[in-house]
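Just below is one structure, and these are the notes that go with it.
The values are calculated or read from the model by the stated rules, or taken from the named source; none is laboratory data. Because the structure is predicted, anything quoted here is derived from the model rather than measured. All Cβ positions, glycine included, derive from the backbone under ideal geometry; neighbour counts span all protein chains shown. Note: areas computed on protein heavy atoms with side chains; ligands, DNA, RNA excluded. Shrake-Rupley method; radii C 1.70, N 1.55, O 1.52, S 1.80 Å.
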Amino acid sequence: MARSERRSGGASTALLLALAASSAAGCGGAGPAGPRAALDRAPKLERRPLTVVPGVHMLGGLSPSAAYAVETSAGLLLFDSGLDADAKALKEQMAGLGLHWRKVVAIFLTHAHGDHAGGADALRAATGAKVYAGEGDAAVLRAGRPREAFFSTFHMPDREPHPTTVDVPLKGGERLDFGEAAVRAVAAPGHTPGSTCYLVERGGLRMLFAGDVILMLRGDETPRSELGKPLGTYSAYLAPRYRGDAKTYLASLRVLRSMPVPDLVFPGHPRADNPPQSPRLSQARWAAMLDGGIRDMETLLARYEADGADFLDGTPKVLLPDFFYLGDFRGSALYGFVAGPKLYVVDAPGGPGLADALDRGMEAVGLRPRPPAAVLLTSCDDRATAGLGELIGRHKVQVVAAAGGIPSLRESCPAGTDFIPAEELPARGWFPVEAFALEGRGAAPAAYLLTTSGKRVLCSGMIPVRMSQAVGERLIADLTRPPGSPRGYAASLARLALASPNLWLPAVPTDDQNANVYDQEWQWAMMDNFGVVQFLESRANRR
Ligand SMILES: [Zn+2]
């Protein structure tokens, strides 16, 4: 097996430019007619195993990602390996293309995510192939944890990550020869810290195996979320524990942008393109696709710089000069704000220990601990009131709640507690606020839209929610049992639709969501929540 490994230091832009220039010169129309003619016949990347050009194949029947196989005289090269559970499908798809999985000699992982790397370890064990991966992902691959390093925010309860042996961690810049094929590792961190693209030269063609740096080639025309965009930049919008990073992503995109378009561009999730796209891009399309991501990352970085990356991830933070996220207590977020000399808190979750948790949160954000003057309840059920008795007993807080919930609160709270209907809060003049009595989920829900530091801050409890699979399932369960009501929930959404906050502070943040809301995010969240109501209504009509 003729294989050489030449390592260089880190991937440098200069090196890439040199590579790109030399290969562009070699492909400037003077190349052999064979590969060029094959290129003209390259099919679109449909959702099935297919041969793209002779010796280069897409295992496109895997889901959700694709793997790719390249034949060389030194054995088969595999780029990504699908989910662990797809091992059988992977082998069958290779057999269907006339390839034998036992001939795999190298598995190049584009990154650690389970849908790309899950099958690598078993295939390595069965074939003796070496596993290559970017060094920024090697540690999590080897450890097989944490879970979010493998599944990000995706809900895959039936999948468990496991350790993967990484034989060769790559810094980027390495060239690895396999017979007539040269594989160049291009470090492209950002989607994950170890994301690596592989630029393969074989038979006069330059092919880029991009992993999720490029998710798909076209994307949605009008994406309803970051996930609809062609690049895998969605991870840069997530909390740090999901390992995406806007700054390195931007740098990676600029490196790719400085390259001439490869002859074939293979994305991580071609099946997400509807309709299927050709892996042959014009220079203009290549540039436009990358420029879109560059603009997005520049905008995101400017926002993080201006407003903070305010992830509701358990770490207390100053959201605005007088508005604080005080961390989590037993599964619910704690929020406090200062108006005049007084501290106000939102909800009293979690039961005994809440008063101390609030003090700890205040200390963590550099605020002198002080007793809250009042608590604004976003609902009157146990989730929001379990710690109310302690706050009343210790600090004699006033309680603001939707009028409909006050009679039952009176029964459970100490005599003499001062209740204020949320509807009357604005007239008190404590701080600029709009109060919304809501319905449909939980007991006597309410929301508060405060204006401070020129921003609109919405504390809205459990209505609406930032959608995820798990959050949607919980919402459906709540809406289909008393006191839940899809119709009431829809009415609440309609009341809040125009609130369009700059900061949205839910009782239970989804996947550590960013408190700051931009562009269409509020409308998208509304549409997702209305979508659940519509689903329940159409399900009820079918019965
Ligand atoms: Zn990924």
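Here are the numbers for this structure:
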| item | result |
| --- | --- |
| Any hit, the stretch 142-151, residues being touching a strand residue (DSSP E or B) at 6+ places or on another chain (Cβ under 9 Å) and either closer than 28 Å to Met467 by Cα or not hydroxyl-bearing (Ser, Thr, Tyr) (or both) | no |
| The stretch 234-252, residues that are touching a helix residue (DSSP H, G or I) at 6+ places or on another chain (Cβ under 8 Å) and either of a type in the set (D, E, K, R) or within 14 Å of the ligand (Cβ to nearest atom) (or both) | Tyr234, Ser235, Ala236, Tyr237, Arg241, Tyr242, Arg243, Gly244, Asp245, Lys247, Tyr249 |
| Of all residues in the stretch 114-159 being assigned to a loop (DSSP other than H, G, I, E, B) and within 12 Å of the ligand (Cβ to nearest atom), the one that is nearest to Lys88 (Cα to Cα) | Gly118 |
| Output for the stretch 188-204, where each listed residue is surrounded by 24 or more Cβ atoms within 10 Å (Cβ to Cβ) and more than 16 Å from the ligand (Cβ to nearest atom) | Val200 |
| Residues satisfying the stated conditions in the stretch 205-217, i.e. touching a helix residue (DSSP H, G or I) at 6+ places or on another chain (Cβ under 7 Å), closer than 21 Å to Gly134 by Cβ and more than 16 Å from the ligand (Cβ to nearest atom) | Arg206 |
| Matching entry among Leu367, Leu343, Leu326, Leu334 (being crowded, with 24+ Cβ neighbours inside 10 Å and in the same structural domain as Glu424 (by TED's automatic domain parsing)) | Leu334 |
| Test result for Ala348, under 18 Å from Gly442 (Cβ atoms) and open to solvent by less than 30 Å² (accessible area, probe 1.4 Å) | yes |
| Residue that is surrounded by the fewest Cβ atoms within 10 Å (Cβ to Cβ), among those in the stretch 73-91 that are more than 16 Å from the ligand (Cβ to nearest atom) and modelled with pLDDT under 95 | Lys88 |
| Residue satisfying all of: in the stretch 381-413; over 21 Å from Ile463 (Cα atoms) and of a type in the set (D, E, K, R); least open to solvent (accessible area, probe 1.4 Å) among these | Glu390 |
| Filtered residues of the stretch 146-162 (kept if open to solvent by 20 Å² or more (accessible area, probe 1.4 Å) and within 17 Å of the chain's Cα centre (by Cα)) | Pro146, Arg147, Glu148, Thr153, Phe154, His155, Met156, Pro157 |
| Complete set of residues in the stretch 163-174 that are surrounded by 15 or more Cβ atoms within 10 Å (Cβ to Cβ) and away from the ligand (no atom under 16 Å from the Cβ) | Val166, Val168, Pro169, Leu170, Lys171, Gly172, Gly173, Glu174 |
| Residue selected from the stretch 62-72 under the condition under 26 Å from the mean Cα position of the chain (by Cα) and buried (at least 20 other Cβ atoms within 10 Å of the Cβ), by the criterion farthest from the ligand (Cβ to nearest atom) | Tyr68 |
| Yes/no for Gly55 being on the phi > 0 side of the Ramachandran plot, in the same structural domain as Val183 (by TED's automatic domain parsing), surrounded by fewer than 19 Cβ atoms within 10 Å (Cβ to Cβ) and more than 16 Å from the ligand (Cβ to nearest atom) | no |
| Candidate set from the stretch 218-233 (those that are within 16 Å of the ligand (Cβ to nearest atom) and within 12 Å of Asp273 (Cα to Cα)); member that is surrounded by the fewest Cβ atoms within 10 Å (Cβ to Cβ) | Gly228 |
| Residue list for the stretch 92-113, filter: assigned to a loop (DSSP other than H, G, I, E, B) and open to solvent by less than 60 Å² (accessible area, probe 1.4 Å) | Leu97, Leu99, Leu109, Thr110, His111, Ala112, His113 |
| Candidates Gly440, Gly416, Gly429, filtered to the one that is of a type outside the set (A, V, I, L, M), assigned by TED's automatic domain parsing to the domain that holds Val346 and surrounded by 21 or more Cβ atoms within 10 Å (Cβ to Cβ) | Gly440 |
